[in-house]
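Chemist: Quick one: the structure is below, questions incoming.
The values are calculated or read from the model by the stated rules, or taken from the named source; none is laboratory data. Note that the structure is predicted; figures quoted are calculated from it, not measured. FYI the Cβ positions are ideal-geometry reconstructions off the backbone, even for glycines, and counts take in every protein chain you see.
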Amino acid sequence: MSAGGLWRLPARALAEAVRSGRCTPLEAVSSGWEGPAAAWERDVHAVAHADPEARAAGAAAVAGHPEGRPLAGVPVVVKDNLCTLDLPTTCCSRLLAGYHAPYDATVVSRLRAAGAVVVAKSNMDEFAMGSSTERSCYGPTRNPWDLERVPGGSSGGSAAAVAYGLAPLALGSDTGGSVRQPAAFCGVLGLKPTYGRMSRYGLVAFASSLDQVGLFARHVGDLAVAYAALAGPDPRDATSRPGPAPDVGGWDAGVEGLAFGWPANLWREGVDAEVVEGLEEAAARLERAGARRVPLEMPSGEAALAAYYLVATAEASSNLARFDGVRYGARAGDGDVRALQARTRSEGFGEEVQRRILLGTYALSKGYYDEYYLTAQRARTRVRREHEAAFARCDFLLGPVAPTPPFRLGEKLEDPLAMYLSDLFTLGANLAGIPGLSVPVGTTRAGLPRAAQLLGPDDAEPVLLRAARAVEVGGERARLGRTHETEAAWPSKR
Amino acid sequence: MALEAVIGLECHVQLRTRTKMFCGCRAAFGDEPNTAVCPVCLGLPGSLPRPNGAAVEAALRLGLALGCEVPAVSVFARKHYFYPDMPKNYQITQYDRPLCVGGALPAEVGGEERDFELARLHLEEDTGKSFHPERRGDRPVSRLDYNRAGVPLVEIVTKPVFRDPAECAAFLAALRRLVRWLGVSDGDMEKGQLRCDANVSLRPGGATALGVKTELKNLNTIHGVERGLRAEIGRQRALLEEGGEVEPATLLYDAGRGRLAVMRTKEEIHDYRYFPEPDLPALATGAAALERLRAALPELPWARAARLCAVHGLAAEDARVLCEQRELADYYEACAAGADPRTASHWVRTAVLAALRERGWTLEALAGRLAPARLAGLVARVAAGTLPGPLAKRAFAWMLEEPGGVDEVLARHGARVLDDLAALRALAREVLDEHAEVAAGVLAGRGRAVDFLLGQVVKRSGGQAAPGPARAALEAELARRAGRGGA
Amino acid sequence: MAIPPEEVRRVAALARLEIPEDRLGRLARELSAVLEYAAVLRRLDLAGCEPSAFAPGGAPPRADEPAGGLAREDALAMAPEAGEGFFLVPPFVEDLEP
């Protein structure tokens, strides 16, 4: 395998090549930059910050002793809201222009300990607020499958980077679907773990009780290796789930005997016909692999949407209060401190961020707290119970990620509500704290990626990975126990 | 119109833990600004809080000592407001589910033991400090130091049970004593380790509804609290007696000038947008752990004082003095184990405390020089009357500097005690001759004057006469004169 | 239920945001639209549903051991203005806020 083709390898195979000395970490890490990035990055704009020296230093750090490291030499793209010592962390906001975190997020430390090399910070919707990666202060990311369309958001840069081959793995964050939806739009796998399984220490908080670090990959086996390296309790995060993370080593064990819920009522209306075809295809693959379909009904996501937007914006308005130009970040104006804070925030935050801060502040406001925030938190309990009831009848749920294939840039920007509605199917998992995985199921007739979402109860990651494996497209049939070293079908540039 | 004042206090106690409330930075630090900070207490993006178990324990001990009820679960909450010394622009505190509720603090006011009821006690984090330009010509910047940001605080809110500023002063003194007694805080108001804000209103005597209240801040000493409250009560009274109305406001008391200044009027009620802290799970206090803490509490100061009165026969006021500080009470009891308690009490309250004041020592330092058991030896001699007062005082001073028991020390300095009866009787005769009228008075029934005569005997002996034998000698001589009919 | 623009102004002040006058109206409408969507919540049967407290319990409090500080240079490195070891801001008087 020539160094030029290293970027095509799954992360596991690449790590093995580095460990066995067949290639150097520097070659492994540079491959995606030389081939795919040269062809794609200028148009796709997945990357917010990159530094060849940081990359080389990261590779050198691994070169010394790659043995025993599950991700030795593997390049990883990290969303710009995760703190990294060697690259800026700006959340793609003017307010944090030039900010360098003085510490690595826990998940980033664990990546490095596993031998991976952080090669870029990816573009995102500012402060993770958005579903299209059109609201970055650095400009939008475009979908490699169709440059006129969005890659999804808010982790669109990470999804796109994995899709076009800059790296086989990427980290994102998922608060209402921000990993699963861009994964679906970009034709890659996207996993949001059970709440508390991925440390949030070093993830710039959007909505504390909903945020989770998520993973992008092109191969289920890679998701498993990355999850095993990163998941688990962190003494610095009091919301960590205690006890070891579930063992995902059996990701290729198949779905024989598993039951999946089929809530067809959810897509009777309002979901694109071709997306539904993708669901049927996924279901068929699962059944062929030995899983059993259990038709059931799930409540529509309407209540979840309302609860989500109140809880998420309330927590966000609080978490973003710290950004005031006093201790770090951009500072605007002087005169008096109050004006300095107000001007810094008003000039530094984009429109969508300000809108959500206002909504959240209002929801928490004296006089409105009971009606909005508290009611939303109660509705959230109900959403969780609805999911628990479903899981009493099945091992996991199969359903849509987004109601449509990737939409066009600019299409939903003018109507915030329309943008929020596209999260309808994903935010339930954040409200309930349960894991969710987006798995690609081929493309529409127009060649756009489509996907299915797998949802499971707490700590069901092993089951979700097994199910995703069964659905994995690209000539994959339900074959057990084998890794694949050939790439999935790549989009060709038009 | 008889108006009565109604006062409630809100106190903050800075806990003496090694690290801050939500991060591992040192809680006690030197003067260099921003040297005890980390991503958490600076509120850097991505940081998360982790509660300090020792702070929780200290707060619980304080709550238990105050007789509070401890709910099984309490919840941290965010309190939002923008202020440059608060890194996250919200404070992690507790709102509607605090660590402890109810309770009361006993305090002595004007000789009487009172119980002041509390509303609640909870944990929160302290803010950083800001320094503003003071003089003309100073750079026009305010400086921010976050060393103190995140230090654990316990907030104690009383019910509006105070009717007089003297009661507030007594409460604070008692609270200061208690936090030091338990070792949870040094309680030094001037260092900001114990802070007090007050809410005060007036109402017609006998009314039940509360009047409009104002808030008094910046009360930096117990004295300042009392004076500030008197000033504000005076101000409100004057206003109401003129037929005016009190407006809600926050006032600062400038103790130096004895003046109140309005900080801001409360036209806008603050909207802190409290909600439960999503980064922290609820704090569960197990019943077993709570019992363990309760059982391990030391005898509380008021209980100890009561015991000393009951068992050692001390006067209430004396017991209070000894129980002002736990180490002092310990010292006293160790001494009283080896000598008459009341005499020991006298010596600890006078000689020991005086030595601490004059020499600037800590009690620990003094105890290192003069262990209570050694002092007991001295006290026992005094109580037995075999050591005259002046000589005892000199012996005490020597024993602070030298080793050895009282006899050894006296011998080392060549100090003698005169207890030979014949010699004492000779001295007694001299004194009775010199003070014949007093002697006559004693014989006529004014028995108290014997003490004066005894003092004279001791004086005449150059301070060497042992009081017990000297008194016996004096009484024998008096009896002889009485028998002879006063010649 | 429409939010009046003055309410937006009040909320903006609470959030330390300056909203230009010409945006107030539009923001008021956008916020109202989302909140009307939240009216859906009012119609739900939430009997027996306590508000979610989502931090999974179990992590015991931290031991009182010093750990993990930042060197002052690192803390101040990102400061927009710093001097003599302090973070610097324009002068403000104590009574800015509570």
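Chemist: Considering each of A:318, A:300 in turn, give the residue that is crowded, with 24+ Cβ neighbours inside 10 Å, within 30 Å of residue C:52 (Cα to Cα), out of contact with any Cys (no Cβ under 6 Å at 6 or more places or on another chain) and of a type outside the set (A, V, I, L, M).
Modeler: Working: A:300 fails: crowded, with 24+ Cβ neighbours inside 10 Å.
Going through A:318, A:300 in turn, just one is crowded, with 24+ Cβ neighbours inside 10 Å, within 30 Å of residue C:52 (Cα to Cα), out of contact with any Cys (no Cβ under 6 Å at 6 or more places or on another chain) and of a type outside the set (A, V, I, L, M): A:318.
Chemist: Further question on the same structure: In the range B:38-89, what residues are surrounded by fewer than 24 Cβ atoms within 10 Å (Cβ to Cβ) and among the aromatic types (Phe, Trp, Tyr)?
Modeler: Within the range B:38-89, B:81, B:82, B:83 qualify.
Chemist: Has the range A:254-265 got any residue that is surrounded by 24 or more Cβ atoms within 10 Å (Cβ to Cβ) and under 30 Å from residue A:92 (Cβ atoms)?
Modeler: No.
Chemist: Sort through A:222, A:252 and tell me the only one that's in a loop (DSSP other than H, G, I, E, B), away from chain B (no Cβ under 14 Å), in contact (Cβ under 8 Å) with a residue 60 or more places away in the chain and over 26 Å from residue A:317 (Cα atoms).
Modeler: Details: A:222 fails: in a loop (DSSP other than H, G, I, E, B).
Exactly one residue qualifies, and that residue is A:252.
Chemist: If you don't mind, there's one more thing I want to ask. I'm checking my understanding of the structure. Among residues of the range A:336-389 that are facing chain C (nearest Cβ under 7 Å) and assigned to a loop (DSSP other than H, G, I, E, B), which one is farthest from the chain's Cα centre (by Cα)?
Modeler: The residue in question is A:336.
Chemist: Specify the residue that is surrounded by the most Cβ atoms within 10 Å (Cβ to Cβ); the eligible residues are those in the range C:4-42 that are at pLDDT 85 or above and not in a helix (DSSP H, G or I).
Modeler: For the range C:4-42, the residue satisfying everything is C:15.
Chemist: Inspect all residues belonging to the range B:43-64 and state whether any of them is closer than 21 Å to residue B:189 by Cβ, in a loop (DSSP other than H, G, I, E, B) and assigned by TED's automatic domain parsing to the domain that holds residue B:214.
Modeler: no
Chemist: Could you go through the range A:400-422 and let me know if any residue there is modelled with pLDDT of 95 or more, within 17 Å of the chain's Cα centre (by Cα) and among the aliphatic types (A, V, I, L, M).
Modeler: yes
Chemist: Also: Test residue B:412 against the stated conditions and say whether it is of a type outside the set (A, V, I, L, M, F, W, C), more than 15 Å from residue B:454 (Cβ to Cβ) and either assigned by TED's automatic domain parsing to the domain that holds residue B:359 or surrounded by 13 or more Cβ atoms within 10 Å (Cβ to Cβ) (or both).
Modeler: Numbers: of a type outside the set (A, V, I, L, M, F, W, C): yes; more than 15 Å from residue B:454 (Cβ to Cβ): yes; either assigned by TED's automatic domain parsing to the domain that holds residue B:359 or surrounded by 13 or more Cβ atoms within 10 Å (Cβ to Cβ) (or both): no.
When the stated conditions are applied, residue B:412 does not pass them.
Chemist: Still on this model: May I ask you to verify whether residue A:115 is in the same structural domain as residue A:222 (by TED's automatic domain parsing), among the small types (Gly, Ala, Ser) and at pLDDT below 95?
Modeler: No: the conditions fail for residue A:115.
Chemist: Here are some residues: A:50, A:101, A:46, A:72. Which one is within 19 Å of the chain's Cα centre (by Cα) and modelled with pLDDT of 95 or more?
Modeler: A:46
Chemist: How many residues does the range B:384-410 contain that are more than 20 Å from residue B:459 (Cα to Cα) and in a helix (DSSP H, G or I)? Talk me through it step by step, then tell me what you get.
Modeler: Applying the first criterion (more than 20 Å from residue B:459 (Cα to Cα)) to the range B:384-410 yields B:398-409.
After this cut, where a residue has to be in a helix (DSSP H, G or I) as well, the list is B:398-401, B:406-409.
Here the count works out to 8.
Chemist: Just to be sure before I move on: is residue A:439 in contact (Cβ under 8 Å) with a residue 40 or more places away in the chain, farther than 25 Å from residue A:216 by Cβ and out of contact with any Lys or Arg (no Cβ under 8 Å at 6 or more places or on another chain) in the structure I sent?
Modeler: no
Chemist: Of the conditions (1) crowded, with 18+ Cβ neighbours inside 10 Å; (2) in a helix (DSSP H, G or I); (3) under 25 Å from the mean Cα position of the chain (by Cα), residue A:18 fails just one. Which one is it?
Modeler: Condition not satisfied by residue A:18: (3).
Chemist: While we're on this one: Identify, from the list A:202, A:270, A:243, the residue that is away from chain B (no Cβ under 14 Å), in contact (Cβ under 8 Å) with a residue 24 or more places away in the chain and small (Gly, Ala, Ser). Full working, then the answer.
Modeler: Numbers: A:202 fails: away from chain B (no Cβ under 14 Å); A:243 fails: in contact (Cβ under 8 Å) with a residue 24 or more places away in the chain.
Every option except A:270 fails the conditions.
Chemist: Can you tell me which of A:326, A:311 is free of Cβ contacts under 8 Å to residues at least 60 places away in the same chain, crowded, with 24+ Cβ neighbours inside 10 Å and facing chain C (nearest Cβ under 10 Å)?
Modeler: A:326
Chemist: Check B:213, B:191 and return the single one that is under 23 Å from residue B:121 (Cβ atoms) and crowded, with 18+ Cβ neighbours inside 10 Å.
Modeler: Of the residues listed, the single one that is under 23 Å from residue B:121 (Cβ atoms) and crowded, with 18+ Cβ neighbours inside 10 Å is B:213.
Chemist: If only one of B:470, B:428 is more than 26 Å from residue B:350 (Cα to Cα) and at pLDDT 85 or above, which one is it?
Modeler: None of the others qualify; the one that does is B:428.
Chemist: I'd like to verify a number: residues in the range B:77-126 that are under 24 Å from residue B:282 (Cβ atoms) and more than 10 Å from every other protein chain (Cβ to nearest Cβ), how many?
Modeler: Residues in the range B:77-126 being under 24 Å from residue B:282 (Cβ atoms) and more than 10 Å from every other protein chain (Cβ to nearest Cβ): 22 in total.
Chemist: Can you tell me which condition residue A:36 does not meet? The list is (1) in a helix (DSSP H, G or I); (2) farther than 20 Å from residue A:79 by Cβ, and all the others hold.
Modeler: Single failed check for residue A:36: (2).
Chemist: Return yes when residue A:95 is more than 20 Å from residue A:320 (Cβ to Cβ), buried (at least 24 other Cβ atoms within 10 Å of the Cβ) and assigned by TED's automatic domain parsing to the domain that holds residue A:197 and no when it is not.
Modeler: In short, no.
Chemist: I need every pair where a residue in the range A:404-431 that is more than 23 Å from residue A:448 (Cα to Cα) and free of Cβ contacts under 8 Å to residues at least 40 places away in the same chain has its Cβ under 8 Å from the Cβ of a residue that is part of a helix (DSSP H, G or I) and among the hydrophobic types (A, V, I, L, M, F, W, C), sequence separation at least 6 or different chains.
Modeler: A:417/C:33; A:417/C:34
Chemist: Another one. Could you tell me which of the residues A:62, A:47, A:18 is assigned by TED's automatic domain parsing to the domain that holds residue A:113, within 23 Å of residue A:173 (Cα to Cα) and touching a helix residue (DSSP H, G or I) at 6+ places or on another chain (Cβ under 9 Å)?
Modeler: A:47
Chemist: Failed condition for residue C:94, given (1) at pLDDT 85 or above; (2) within 30 Å of residue B:131 (Cβ to Cβ); (3) under 25 Å from the mean Cα position of the chain (by Cα); (4) more than 7 Å from every other protein chain (Cβ to nearest Cβ), with all others met?
Modeler: (1)
Chemist: In the range A:332-339, is there at least one residue being among the β-branched types (Val, Ile, Thr), under 19 Å from residue A:131 (Cβ atoms) and not assigned by TED's automatic domain parsing to the domain that holds residue A:204?
Modeler: no
Chemist: Another one. Where residues in the range B:23-37 are more than 7 Å from chain C (Cβ to nearest Cβ) and surrounded by fewer than 24 Cβ atoms within 10 Å (Cβ to Cβ), which of them is modelled with the highest pLDDT?
Modeler: Here the residue is B:28.
Chemist: Determine, yes or no, whether residue A:293 is touching a strand residue (DSSP E or B) at 6+ places or on another chain (Cβ under 6 Å), of a type outside the set (Gly, Ala, Ser) and more than 14 Å from chain C (Cβ to nearest Cβ).
Modeler: Yes; evaluated as a whole, the condition is true for this residue.
Chemist: Also: Being surrounded by 18 or more Cβ atoms within 10 Å (Cβ to Cβ), assigned by TED's automatic domain parsing to the domain that holds residue A:253 and not in a helix (DSSP H, G or I) narrows it down to one residue among A:446, A:402, A:429; which is it?
Modeler: That would be A:402, the only listed residue that is surrounded by 18 or more Cβ atoms within 10 Å (Cβ to Cβ), assigned by TED's automatic domain parsing to the domain that holds residue A:253 and not in a helix (DSSP H, G or I).
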